[in-house]
Amino acid sequence: MIRLLERRFRVRAPLERAWSHLERVEQWPSWARHIRRIDLQPPGPLRSDSAGALVLTNGIRSTFRMEQLNLGENWKWEGPFLWISVHYDHRFAHAGPDEAEIAFVLDGEGFGAAVFGRLFAAIYARNLDRAIPNLIREIEDEHAAARAPK
């Protein structure tokens, strides 16, 4: 297994809110504009048996299945890319009373992981680097709205 990509960032919102926002996988196209839609089975909050497919705006379809789910800490899913398996870990940590750190970590394994995995990671990194500021804004806006007087 080789590390292909890692992105860490902080949001000004409690870990629980960050988790809750990000686990609504079917809503990711609102911040990850390279994704047209996500079909999650079963629909709704993540479960240990969650699986699905992302349909990208370029028409490519990528499948995934849950490998690991530790509520409030991380979830990891796996999906194929050419001859390799890509493991996507979504990690959460407290970074302060009203702040959370999120990490997206990609590892690859299989024939050609060093070559094809790095190619995949380069493409994925561009999309992720554009999407992360949108995600931060959404989480922080949702947190601010929840704290605002009614």
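Read-outs: derived from the displayed coordinates by stated rules, not from any lab. Keep in mind that this is a model prediction, so the values were computed, not measured. Ideal geometry is used to build each Cβ from the backbone, glycine not excepted, and the neighbour counts take in all protein chains shown.
When every Cα-Cα distance of the range 1-40 is counted in 5 angstrom steps from zero, the calculated P(r) takes the values 5, 18, 19, 23, 21, 13, 1 percent. Take the Cα of S30, step 7 Å toward its Cβ, do the same at V55, and the gap between the two points is 2.0 nm.
The range 79-150 to the range 1-62: how many Å between their Cα centroids? The two parts, judged by their Cα centres, are 8 Å apart. Karplus-based coupling profile of the range 114-122, in residue order and whole Hz: 5, 8, 5, x, 5, 4, 4, 4, 5, with θ = phi - 60° in 6.51 cos²θ - 1.76 cosθ + 1.60 and x standing for Gly or Pro. Loop-located chymotrypsin sites (Phe, Trp or Tyr not before Pro) in the range 48-120 (DSSP state other than H, G, I, E, B) with a sparse environment of at most 10 neighbouring Cβ atoms within 10 Å: F111. Proximity of backbone amide H atoms, modeled 1.01 Å from N, is registered between R36 and V55, L56, T57 at under 5 Å, excluding neighbours fewer than 5 places apart on the same chain.
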